[in-house]
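Student: First the structure, which I've put down as structure tokens, then a few questions once you've had a look.
The values are calculated or read from the model by the stated rules, or taken from the named source; none is laboratory data. As the structure is a prediction and not an experimental result, all values here were calculated from the model. Ideal geometry is used to build each Cβ from the backbone, glycine not excepted, and the neighbour counts take in all protein chains shown.
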Amino acid sequence: MDPIPFKAQNIVYAEDQPEYIPLPVHKAEDGKVTSVWKLSDEEREKVAKGAYVCLCQSTFHQALQPVNLWVDDEVVEFMKCEDCGIFGPKNYDFNLCSECHESRRESLEDKG
Ligand SMILES: [Zn+2]
């Protein structure tokens, strides 16, 4: 699985650090960093047969940061959130960031 360049990327981490693979990302105003990873044909076959996706994060003994992994048909689409105005990854069919989407859902559940 390798990170790939994508249209909305605005930074490449570790560009000049040979010990790491350069990581193209979109870094949002709220600090969320999104990268896009492509599975090799062999990995696709394994995942199709039920293999798991594993994530290892180097923390350098600092607090573990929340992470989110998902599968998308296309390279991540980015949008400006209707509620808070942050530019970040699009969630489902809504023009809302994950926090605003979640808080709208919670307020709907409270009402109904
Ligand atoms: Zn938002």
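Student: Suppose we keep only residues that are exposed (fewer than 12 other Cβ atoms within 10 Å of the Cβ) and not hydroxyl-bearing (Ser, Thr, Tyr) within the stretch 78-101. Which one would you say is nearest to residue 4 (Cα to Cα)? It would help to see each step written out before you state the result.
Tutor: First, pick out the residues of the stretch 78-101 that are exposed (fewer than 12 other Cβ atoms within 10 Å of the Cβ): 85, 92-93.
Subset that is not hydroxyl-bearing (Ser, Thr, Tyr): 85, 93.
On the way: 85: 26, 93: 24 Å.
Restricting to residues being exposed (fewer than 12 other Cβ atoms within 10 Å of the Cβ) and not hydroxyl-bearing (Ser, Thr, Tyr), the top hit is 93.
Student: Go through the stretch 91-103 and count every residue that is at pLDDT below 75 and either within 7 Å of the ligand (Cβ to nearest atom) or closer than 15 Å to residue 34 by Cβ (or both).
Tutor: Step one: list which residues in the stretch 91-103 are at pLDDT below 75, which gives 91-93.
Retained after the next criterion (residues that are either within 7 Å of the ligand (Cβ to nearest atom) or closer than 15 Å to residue 34 by Cβ (or both)): 91.
Here the count works out to 1.
Student: Out of (1) of a type outside the set (Gly, Ala, Ser); (2) within 16 Å of the ligand (Cβ to nearest atom); (3) on the phi > 0 side of the Ramachandran plot, the odd one out for residue 60 is which?
Tutor: Unmet condition: (2).
Student: Can you confirm whether residue 85 is within 16 Å of the ligand (Cβ to nearest atom), at positive phi and either charged (D, E, K, R) or without any contact (Cβ under 8 Å) to a residue 60 or more places away in the chain (or both)?
Tutor: Numbers: within 16 Å of the ligand (Cβ to nearest atom): yes; at positive phi: yes; either charged (D, E, K, R) or without any contact (Cβ under 8 Å) to a residue 60 or more places away in the chain (or both): yes.
Here the answer is yes, as residue 85 does meet what is asked.
Student: Quick one: residue 79 ticks every box in (1) aliphatic (A, V, I, L, M); (2) in contact (Cβ under 8 Å) with a residue 60 or more places away in the chain; (3) in contact with a Gly (Cβ under 8 Å, 6 or more places away or on another chain) bar one, so which box is it?
Tutor: If we test residue 79 against (1) aliphatic (A, V, I, L, M); (2) in contact (Cβ under 8 Å) with a residue 60 or more places away in the chain; (3) in contact with a Gly (Cβ under 8 Å, 6 or more places away or on another chain), just (2) comes out false.
Student: Could you grab me the full set of residues in the stretch 1-18 that are under 20 Å from residue 65 (Cα atoms) and not in a loop (DSSP other than H, G, I, E, B)?
Tutor: Let us first name the residues in the stretch 1-18 that are under 20 Å from residue 65 (Cα atoms), namely 3, 11-14.
Across the stretch 1-18, the qualifying residues are 3, 11, 12, 13.
Student: May I pose another question? If I ask for residues that are surrounded by 11 or more Cβ atoms within 10 Å (Cβ to Cβ) and either under 15 Å from residue 70 (Cβ atoms) or modelled with pLDDT of 95 or more (or both), which ones from the stretch 26-42 would you list?
Tutor: Of the residues in the stretch 26-42, the ones surrounded by 11 or more Cβ atoms within 10 Å (Cβ to Cβ) are 26-28, 30, 32-39.
Answer for the stretch 26-42, where residues must be surrounded by 11 or more Cβ atoms within 10 Å (Cβ to Cβ) and either under 15 Å from residue 70 (Cβ atoms) or modelled with pLDDT of 95 or more (or both): 26, 32, 33, 34, 35, 36, 37, 38, 39.
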